[in-house]
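Structure first, then comments.
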Amino acid sequence: MTKLSTLFLGGFIALASLSPAIAEQVTIATDATFPPFESVDANGKLVGYDIDLMSAVCKAAELDCNIIAAAWDGMIPGLTAGKYDALISQLTVTDARRKIMAFSDIYSHPTFRFVAKKGADLDISPDGLAGKIIAVQTGTPMDAFVTKTFPKATIKRYDGGSAPYLELTAGRADLHMSYEAQITHAFLNGDNAETFELVGPQYTGKDAPEFGEGVAIAINRRNADLLAKINAGLAKIRENGELAAIDAKYFGKS
């Protein structure tokens with residue numbers, strides 16, 4: 001129970017709380033279809049690299065955060081409309097995105113790869129993938145890159161991050177492009193490794209602008225105070241080793 005004291009101010013009685021003020025809750029949305037970064041476990045709990053990172057940032061910044069699952073295609077519109085205060089979902093920083101939302105300091109620099117069936121002998125070039133079916137998550141850097149780079153291929157787009165893998169395993173797609181860490185640690189970490197493999201070169205933001213500058217937390221552009229607090233929390237977990245520990249937990253590196 002909150003302790004209260006009675007104050008007499010010019011004949012008026014006021015109640016003053018002696019307990020610390022409760023911070024306004026920060027609502028953070030994530031697309032929970034993208035393991036090992038964000039997904040829902042068997043108990044209905046949000047888990048993953050980004051979830052651990054965001055929780056650590058919120059604790060370090062002394063923010064009361066509520067991380068919720070949301071549909072990918074509604075996340076950015078929800079942020080700009082004020083439905084969400086921030087987004088964490090392996091969001092890459094691009095010039096186009098900077099026009100509609102603010103970003104925290106970058107916390108990782110991913111590589112991107114194709115995955116395909118073993119023995120497919122694919123030529124990863126505009127002509128080599130002519131007529132091939134590439135499955136991607138819609139509205140992602142991968143979508144933008146394959147659309148621009150492989151105009152002769154058929155691009156199949158899906159709302160969720162897991163759906164393209166279903167198309168690949170069912171034989172309805174020849175390739176899928178995603179974050180290399182996601183392919184390796186969520187798809188090729190079991191029986192799928194017997195049938196599928198990474199193909200073609202690694203790509204980064206240095207190879208194509210569609211892949212962006214790196215991954216960051218997105219914040220509503222009107223909330224400069226929240227941006228500053230999130231950056232402060234991110235800097236703290238980078239400095240105290242928590243970020244390196246989260247990296248090591250999921251990807252075996254520090």
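When Rg and Dmax are taken over the Cα atoms of the range 198-254, they come to 15.2, 43 Å. Ordering His176, Asn231, Ala116 by the projection of their Cα atoms onto the charge dipole of the chain, which places +1 on the Cβ of Lys and Arg and -1 on the Cβ of Asp and Glu, puts Asn231 at the extreme positive end.
From Cα pairs below 8 angstrom and at least 6 apart in sequence, can you work out the relative contact order of the range 112-212, rounded to a whole percent? Can you show the working numbers first?
On the way: 165 pairs, mean separation 41.5, N = 101.
About 41 percent, as a whole number.
Given +1 on the Cβ of Lys and Arg, -1 on the Cβ of Asp and Glu, and no further charges, what dipole in debye does the range 194-233 carry about its Cα centre, rounded to the nearest 20?
On the way: 4 positive and 6 negative charges, 91 e Å.
In debye, rounded to 20, the range 194-233 gives about 440.
Note on the range 142-184 and the range 36-113: Cα centroid distance 21 Å, given to the nearest whole angstrom.
With the cut-off at 16 Å, report for the range 143-184 the share of all Cα pairs above it, as a whole percent.
On the way: 315 of 861 pairs.
Value for the range 143-184: 37 percent of Cα pairs lie more than 16 Å apart.
If the only charges are +1 at each Lys and Arg Cβ and -1 at each Asp and Glu Cβ, what is the size of the charge dipole of the range 73-147 around the Cα centre, to the nearest 20 debye?
Details: 8 positive and 8 negative charges, 23 e Å.
Magnitude of the dipole: close to 100 debye.
What's the whole-number percent of alpha carbon pairs in the range 18-169 lying beyond 22 angstrom? If you can, show how the numbers build up before the last one.
Values: 5646 of 11476 pairs.
Result for the distance tail: 49 percent.
Once the 1.4 Å probe is applied to the protein heavy atoms, the chain comes out at 51 Å² accessible per residue.
When +1 charges are put on Lys and Arg Cβ atoms and -1 charges on Asp and Glu Cβ atoms, the dipole computed for the chain relative to its Cα centre reaches about 460 debye.
Gain on full extension, evaluated as 0.36 nm per residue between Leu122 and Thr204 minus their Cα-Cα distance, stands at 27.5 nm.
Checking [x] 153; [y] 136; [z] 128 against the coordinates, the calculated volume of the Cα convex hull per residue in Å³ falls under label [x]. Note on the chain: dipole from Cβ charges, positive end direction compared against Ile217, Leu129, Leu188; the farthest Cα belongs to Ile217.
In the chain, what percent of the accessible surface is made up of carbon and sulfur (1.4 Å probe, ligands and nucleic acids excluded)? Please list the in-between numbers first.
Working: 6740 of 12880 Å².
That fraction is 52 percent.
When the charge dipole of the chain is built from unit charges on Cβ atoms (+1 for Lys and Arg, -1 for Asp and Glu) and taken about the Cα centre, the candidate among Val199, Ala69, Leu46 whose Cα reaches farthest toward its positive end is Ala69. Applying 0.36 nm per residue to the separation of Ser162 and Thr195 and subtracting their alpha-carbon distance, the gain on full extension is 10.1 nm.
The values are calculated or read from the model by the stated rules, or taken from the named source; none is laboratory data. This structure is a prediction, so every number in the text was calculated from the model and none was measured. FYI the Cβ positions are ideal-geometry reconstructions off the backbone, even for glycines, and counts take in every protein chain you see. Quick note on the areas: whole protein, heavy atoms, side chains included, nothing else; ligands and nucleic acids left out. Shrake-Rupley method; radii C 1.70, N 1.55, O 1.52, S 1.80 Å.
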